[in-house]
Amino acid sequence: MSVSDILVVGAGPAGLAIAAALSEAGLRVTGLVPTPPSTPWHNTYGVWCDELEHTALLTTLGHRWSDVVVYAGEREIRLEREYALFDNARLQHHLLTRCEHGGVIWRTGVAAAVTHTATHSRVTSRDGAVYEARVVVDASGHTPALLRRPAVPGIARQAAYGIVGMFSAPPVRGNQMVLMDYRSDHLPLEERRGPPTFLYAMNLGDGRYFVEETSLAHHPGVPLPALERRLQRRLAAMGVAVREVLHVERCLFPMNNPLPFLDQPVMGYGGAASMVHPPSGYLVGGVLRRAPAVAQAIAGSLGAAIATPLHAARAGWQALWPPARLRRRQLYLFGLASLMRCNDAQTRAFFSVFFGLPRREWTGYLSDTLNTRDLVRTMMRLFVRAPGDVRRTLMAAAGAERDMLRRAALGLA
């Protein structure tokens, strides 16, 4: 049995991105997937266009909007930042082509267990097949097949129920994209006391629109039937009826999963490595941007005389989660925990202030491009500008989440 340099488990956006980058780094890559890697992706993936500037990935974007707005109260906030949805087929084809050029070999199976020797790792699939590689990269999703992570209570989940369809009237203006509409006057008073939710909506052209009711983060996750009911009430209040449903989207995923143990001899990537950005829930843009650096780190480690699965995995983990990024992650988790304490009115006030910050600050916060000092400065500026009741909520969060802030100061996972 031949031993690959890398075995990548999974072929979603994260799996294909890291497999392509590893093969382009000159490594022999095998992919282990439950279905062929060309199996269509059904979720909708959004990204800020400036996160992909000067890369070939811009060609994988489908719809793009320059008229992007937020409603955190009655006032419309224009963001002046271009937003896009990936064309899933185009992105998948782009990544698979890179994998093909790099010589990635695909095998069908479901990873069930992994063992390690001094020189390589051995993955056994559910059907008993064995695959050997110098290091394994688990990119199998939020509930990874092989990675170990600590069990913690209180995982917050983003939940969304959406429809792509034809409507009796446009649910958004012109070619507009609504990133967040937190207005809730259409809800009965008792529902407004529940977890805040917002409308995420856009014009897809040809009379098609995408409308989605989203809970940014809550523990436990807001039930999807509740989000469907809220979306129906919102549309009814707008005087809009659904004429034809072309696609239904249901999302439920963790926002604050703990990091996997960073001292294990399996590397993780994507949701398996807790790469979801806690303030926003975005993942795909990050996995596309960071794959080359992680791949180069693993390739460099495999060239060393002391290369072992643990040595290679550790190099990958250090490239993905260096101390500065661990520090920022704890700050983002604190920000998420603080926001989750806000009621409906406080959430609207929070985002009114947030999107009123200097553009560089709120864009950097959402894209994780600020250094630690600037991130702290941004969070302090938001605190100072927030109304009194929001400041009191943030102060209560600081008291309750002291360990999170301590870990941020120390750069701990």
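Could you please tell me which pairs satisfy a Cβ distance under 6 Å, a separation of 6+ or placement on different chains, a first residue in segment 191-209 that is more than 14 Å from THR347 (Cβ to Cβ), and a second residue that is part of a loop (DSSP other than H, G, I, E, B)?
Pairs that qualify, where the first residue is more than 14 Å from THR347 (Cβ to Cβ) and the partner is part of a loop (DSSP other than H, G, I, E, B), are ALA201/PRO171; ALA201/VAL172; ASN203/VAL172; ASN203/ASN175; TYR209/PRO171.
Just the residues that are acidic (Asp, Glu) and either outside the structural domain of ARG234 (by TED's automatic domain parsing) or not in a loop (DSSP other than H, G, I, E, B) (or both), please, taken from segment 160-214.
Scanning segment 160-214 gives ASP181, GLU190, GLU191, GLU212, GLU213.
I need a count of the residues in segment 234-284 that are surrounded by fewer than 17 Cβ atoms within 10 Å (Cβ to Cβ), out of contact with any helix residue (DSSP H, G or I) (no Cβ under 8 Å at 6 or more places or on another chain) and charged (D, E, K, R).
Within segment 234-284, residues that are surrounded by fewer than 17 Cβ atoms within 10 Å (Cβ to Cβ), out of contact with any helix residue (DSSP H, G or I) (no Cβ under 8 Å at 6 or more places or on another chain) and charged (D, E, K, R) number 3.
Listed residues ARG377, ARG385, ARG327, ARG360; which is under 22 Å from MET404 (Cα atoms) and free of Cβ contacts under 8 Å to residues at least 60 places away in the same chain?
None of the other options fit; the residue is ARG377.
Taking the stated definitions as given, is VAL353 over 23 Å from the mean Cα position of the chain (by Cα), in a helix (DSSP H, G or I), without any contact (Cβ under 8 Å) to a residue 40 or more places away in the chain and not assigned by TED's automatic domain parsing to the domain that holds ARG290?
yes
Considering segment 70-89 alone, what residues qualify as being β-branched (Val, Ile, Thr) and surrounded by 20 or more Cβ atoms within 10 Å (Cβ to Cβ)?
Result: VAL70, single match.
Out of TRP317, TRP321, I need the residue that is touching a Lys or Arg at 6+ places or on another chain (Cβ under 9 Å), more than 20 Å from LEU216 (Cα to Cα) and not β-branched (Val, Ile, Thr). Which one?
TRP321
Scanning segment 370-413 for residues that are under 24 Å from PRO323 (Cα atoms), part of a loop (DSSP other than H, G, I, E, B) and of a type outside the set (A, V, I, L, M, F, W, C), which turns out modelled with the lowest pLDDT?
Per the criteria, the residue is GLY411.
Looking only at segment 256-270, decide whether some residue is farther than 16 Å from PHE167 by Cα, β-branched (Val, Ile, Thr) and part of a loop (DSSP other than H, G, I, E, B).
Applying the first criterion (farther than 16 Å from PHE167 by Cα) to segment 256-270 yields 256-270.
From the residues that got through so far, the ones that are β-branched (Val, Ile, Thr) too are 266.
Remaining after also requiring part of a loop (DSSP other than H, G, I, E, B): none.
No, segment 256-270 has no match at all.
The rows are residues; the columns are (1) without any contact (Cβ under 8 Å) to a residue 40 or more places away in the chain; (2) surrounded by 12 or more Cβ atoms within 10 Å (Cβ to Cβ); (3) not hydrophobic (A, V, I, L, M, F, W, C).
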position	(1), (2), (3)
VAL104	no, yes, no
ALA112	yes, yes, no
HIS120	no, yes, yes
HIS142	no, yes, yes
VAL178	no, yes, no
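The values are calculated or read from the model by the stated rules, or taken from the named source; none is laboratory data. Predicted model, so just to flag it, every value in this text is computed and none were measured. Methodologically, a virtual Cβ is constructed for each residue, glycine included, from the backbone with ideal geometry; neighbour enumeration extends over all protein chains shown.
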